[in-house]
Amino acid sequence: MEYLEWKERYYAGNKEYFKKYYKRYHEENKRHCIYLLIDKYKKIKYVGSTDNVYNRINLHKNGYSNLELTKEKWNDLGLSCFMVGYLDSVNKQERLYIEYYLINKFSKENDLINNYEPYELKFGDMEEFRKCELEELAEGLVFQVYG
């Protein structure tokens with residue numbers, strides 16, 4: 001039996017196990033985070049956010065995102081790595097506010113490839129005190145190389 005045929009039979013025979021395994025894996029690894037795309041000069045090229053960093057970065061790496069990253073585009077832009085900073089104790093709207101704040105901050109110092117206004121969300125209903133807290137959180141965010 002060839003390897004590919006064996007692999008196909010193995011996964012088909014253990015389909016329920018793998019469904020449960022991957023569901024549990026993604027639930028356990030679901031955390032709000034901000035991620036940065038860094039070039040070879042250690043400059044920030046892109047700011048994004050997600051609650052599933054594994055899935056989101058894989059979508060970027062495989063060209064299935066608004067960046068449409070291909071291997072050629074990755075090389076042309078001189079990209080080096082993704083960096084991730086995890087956010088605990090925030091909800092989705094707060095995470096998006098932090099992303100918006102960092103895009104504005106980093107766009108002054110870097111040539112970002114963010115090619116869209118991050119979100120149509122209105123942050124007006126968020127209290128000013130909370131915005132200040134989130135900006136402090138953003139300023140203190142520790143980023144680590146992903147993967």
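The values are calculated or read from the model by the stated rules, or taken from the named source; none is laboratory data. What you see is a predicted model; the values in this text were computed from it and never measured. The protein model used for the area step is the full one, side chains on, heavy atoms only, and it has no ligands, DNA or RNA in it. Shrake-Rupley method; radii C 1.70, N 1.55, O 1.52, S 1.80 Å.
Below is a table of values for the structure above.
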{"item": "Whole-number accessible area per residue in Å² for the chain, which is evaluated in the context of all protein chains at 1.4 Å", "result": "69"}
{"item": "HN-Hα J in Hz across region 80-90 - Karplus 6.51, -1.76, 1.60, θ = phi - 60°, x for Gly and Pro", "result": "10, 6, 9, 10, 10, x, 8, 10, 9, 6, 10"}
{"item": "The chain - mean residue ellipticity at 222 nm from DSSP helices (-39,500 (n - 2.57) per run, n ≥ 4, rounded to 500)", "result": "-14000 deg cm²/dmol"}
{"item": "Cα principal axis extents for the chain, largest first, Å", "result": "63, 36, 26"}
{"item": "Helix runs (DSSP H) in the chain reaching 30 Å along axis by Cα, Kyte-Doolittle at least -0.5", "result": "none"}
{"item": "Accessible surface of region 1-63 [probe 1.4 Å, protein heavy atoms]: carbon and sulfur percent", "result": "48"}
